[in-house]
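Notes to accompany the following structure.
Derivation of every value follows stated rules applied to the coordinates shown; laboratory data play no part. Just so you know, these numbers come straight off a predicted model, no measurement behind them. As a convention, Cβ positions derive from the backbone with ideal geometry for all residues, glycine included, and neighbour counts pool all protein chains shown.
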Amino acid sequence: MTSPPIPGKRKTKWPVAVLGATGAVGQMFVRLLVDHPWFEIVELAASERSAGKKYSDATRWLEGAPPPTAIQNRRVIACDPGVISAPIVFSALDAVVAGEVEMAFAKAGKFVLSNAKNFRMEPDVPLVIPEVNGDHLALIECQRNRRGWSGAIVTNANCSATVAAVALAPLHQKFGIRQLFLSTMQAVSGAGYPGVPSLDILGNVIPYIADEEPKLEREVLKLLGTYADGEVTSAGFKVSAHTNRVPVEHGHTICMTIGFEDKPSPEAAIETMRSWEGLASTAGLPTRPKHPLVVSDAPDRPQPRRDVNAGDGMTVTVGRVRRDAILDLRLVALGHNMIRGAAGGSVLNAELLASTGGLDPT
Ligand code: NAP
């Protein structure tokens, strides 16, 4: 398949840097960006512990083919906007440092595509899944005006909030969600590397992930909110989340029970999800899957082992759509936490911006 040409008048790829390149999400960025048709990695950055080392020495490569030699031999540099030349930075930084560092990059005029939680709920910062709410990127202009910087921060959501919002977007748009109850089974890779100690998680379920439930509850509402006149109004329905860590490598599975304003039958809900294609302006973007949302008819799907890599990790798979005796419908959704829920989501945000001129210098 031929790659879509670089948008606009550019003749060369956009130079990009990865902050937190040595971590689990940072490595996924490197995997997704090494052969990207529009972006080229020019810098890899991490903590002072890694700075100065060759990328291959600073990184315990977690999976897939190791990156090309030119990337492996690159020296890791510090996350310093005075040192990094790339105008676009993908951030996979630990939340403990992401706030200060990402702000410094935006102040220095850089475009920051962040995976961290720090800025997601700021009213002037877009929290975006392109197919669901790509129009929220209009907040960038308000952000620049309000903060007086030429850079920008655009965030993607918590990995479980992303999976839930992709599954729920078509249903909320058509039937109006009134109440939502969710219970997650989240993969260990969601905790980064080395993450959860093996003796805590093997053969076990941990019914607590620090700060995860409030993040999931508020981010789903912002993602499904509406943009008008320079602000996003979060969706107004009630949400209750349980989050659990389970011994699965990749893929967050979420059981959801949903109450609606206009109560759909399971068949109508399935038809609505199957016919949903997401925001039209995302069609043809390099990382966008053909189908952002797939509904399985099998009684025992989705399963992480079988469905997590659907659409190269960018498709959310839904199954078991059925009536509920307390609210209206029940279903199960699954998505790849490291790809759709992290690095792939950020890359798709950047592609949407690139295709609409949003990455061009102001
Ligand atoms: P991780 O494996 O622990 O990696 C953290 C990265 O941050 C490493 O590259 C580390 O560099 C860097 N770092 C730590 N302290 C630093 C400092 N003081 N200055 C500069 N860099 C520093 O974590 P992860 O799972 O990749 O997560 C990265 C971010 O993405 C987090 O904010 C996380 O919440 C978010 N996220 C993760 C997922 C997921 O599924 N894993 C999904 C969505 C969002 P060194 O190697 O040099 O220490």
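Quick look at the values:
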quantity: The chain: calculated mean residue ellipticity at 222 nm from DSSP helix runs of at least 4, using -39500 (n - 2.57); calculated: -8000 deg cm²/dmol
quantity: Using θ = phi - 60° and Karplus 6.51 cos²θ - 1.76 cosθ + 1.60, couplings along the range 268-278 (whole Hz; Gly, Pro as x); calculated: 5, 5, 4, 4, 5, 5, 5, 8, 6, 10, x
quantity: Relative packing of peptides 147-154, 342-349 - highest average C-beta neighbours within 10 Å first; calculated: 342-349, 147-154
quantity: Centroid-to-centroid separation of the range 111-131 and the range 320-362 [C-alpha atoms, Å]; calculated: 13 Å
quantity: Charge context of N73, other residues only, Cβ under 14 angstrom, K/R +1, D/E -1; calculated: +2
quantity: Ascending count of other beta-carbon atoms within 10 Å, so fewest first, for E271, E100, E213; calculated: E100, E271, E213
quantity: Fewest-first sequence of C159, C255 by Cβ atoms within 10 Å of each Cβ; calculated: C255, C159
quantity: Charge-dipole axis of the chain as Lys and Arg at +1 and Asp and Glu at -1 on Cβ define it, positive-most pick from S183, T12, A164; calculated: T12
quantity: Neighbour net charge for D262 - beta-carbon separation under 13 angstrom, K R +1, D E -1; calculated: +1
quantity: Using a Förster distance of 51 Å, the FRET efficiency for W61-E261 (Cβ separation, nearest 0.05); calculated: 0.60
quantity: Förster-model FRET efficiency, 45 Å R0, S3 and A268, C-beta, rounded to 0.05; calculated: 0.75
quantity: Separation of alpha-carbon centers, the range 196-222 and the range 6-26, rounded to whole Å; calculated: 30 Å
quantity: Hz values of 3J(HN,Hα) by residue in the range 38-54 - Karplus curve (6.51, -1.76, 1.60), Gly and Pro given as x; calculated: 10, 10, 10, 5, 10, 9, 10, 10, 7, 6, 4, 4, 9, 4, x, 7, 5
quantity: Eligible lysines near K13 by straight Cα distance, threshold 22 Å, same-chain separation 8 or greater; calculated: K110
quantity: Residue exposure sequence - L113, L171 - by fewest surrounding Cβ within 10 Å; calculated: L171, L113
quantity: Of L137, L327, L224, the one that fluctuates the most in a GNM where the chain has Cα springs shorter than 10 Å; calculated: L327
quantity: Gap separating the Cα centres of the range 134-162 and the range 273-299, nearest whole Å; calculated: 23 Å
quantity: Whichever lysines have a C-alpha closer than 21 Å to that of K215, once near sequence neighbours (fewer than 8 apart) are set aside; calculated: K117, K238
